[in-house]
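The next block holds one structure in the form of structure tokens; read it before the comments.
We did not get these values from a lab; they are worked out from the coordinates using the rules stated. What you see is a predicted model, and the numbers here were worked out from it, not measured in a lab.
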Amino acid sequence: MEVSKQDATPDGQELIQTVVSLTGLPEDWIRNELVQILENTGQTSHDDVTLDQLREAMAAYLEGMQADFLAENTAFSE
């Protein structure tokens, strides 16, 4: 799947499969993680997830990870 083309609009499953395969991580594990990340942002239908929705879900996930990391480091340094 070519995600850089403006006219290419992959369906949700194709998008998820592409991300899974590009990570190089165990496919079952990363697919489950992606599905959980999407569900945590309210995206329950993976068949029609868009690239923008996936980006938003991943940004929310990373922001949460950063907040957790900062909270742990702040508590540790006190």
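Here's how it looks for Thr50: its modeled amide H is under 5 Å from none belonging to a residue 5 or more places away or on a different chain.
A convex hull fitted to the Cα coordinates of region 12-77 yields 90 cubic angstrom per residue.
Were the residues from Asp52 through Glu27 laid out at 0.36 nm apart, the gain over their Cα-Cα distance would be 6.8 nm.
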